[in-house]
Amino acid sequence: MLLLLYSTLLSLSILGNSASNAIAKRTIGSIKFDQESISQLVLVVCDFYQQPRLQCRQSNISLVIPQLKEKILSELNLYLLKSVENLYTDMEKDLFVSIYANVIYEAGYLWASGKVKLNKEEVAKKI
């Protein structure tokens with residue numbers, strides 16, 4: 001059991017790093033706030049949630065999901081904060097970045113959990 005827990009924690013560490021790498025890869029390292037970037041961020045969340053399904057047993061997935069959410073939301077917030085740097089005041093950024101990150105996250109998570117019947121590219125374009 002201890003080995004399984006260690007393995008799960010190690011996977012989370014790797015996934016945390018992969019969140020920022022996945023964002024950089026999907027956005028081609030470009031930080032901007034436009035429809036294409038938002039769509040790519042939704043796809044990052046979709047892809048991010050496909051990884052633990054392959055790496056974790058079903059009994060452990062409930063332990064991993066809250067930590068995955070925290071990691072991906074943190075990376076989404078960082079990206080979005082940089083992308084709206086000159087678009088909003090600091091007060092507006094505090095509000096809008098959090099809202100945008102949560103909408104992007106929720107779209108990807110709903111797709112990954114099977115609650116949306118569209119393919120992930122269609123979901124990404126609708127956000």
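What list of ³J(HN,Hα) values in whole Hz, one per residue of segment 74-85 in order, does the Karplus curve 6.51 cos²θ - 1.76 cosθ + 1.60 (θ = phi - 60°) give from phi, with Gly and Pro shown as x?
Working through the residues one at a time gives 4, 5, 4, 4, 4, 4, 5, 4, 5, 6, 10, 2 Hz.
Length gain on complete extension for the stretch Glu36 to Met91, per 0.36 nm per residue less the alpha carbon to alpha carbon distance? Mind dumping the intermediate values first?
Values: separation 55, 0.36 × 55 = 19.80 nm, distance 2.52 nm.
Extra length available between Glu36 and Met91 comes to 17.3 nm.
At 0.36 nm per residue, and after removing the present C-alpha to C-alpha distance, how many nm does the segment from Lys25 to Lys126 gain when stretched out fully?
Details: separation 101, 0.36 × 101 = 36.36 nm, distance 2.11 nm.
Roughly 34.3 nm would be gained on extension.
Mind listing the phi-derived Karplus ³J(HN,Hα) values for segment 113-118, rounded to whole Hz, using 6.51, -1.76 and 1.60 with θ = phi - 60°, and x for any glycine or proline?
Each residue of segment 113-118 in turn: 8, x, 8, 10, 8, 6 Hz.
Every read-out reported here was derived from the displayed coordinates using simple, explicitly stated rules and does not represent laboratory data. Worth saying up front: this structure is predicted, and the values here are computed from it rather than measured.
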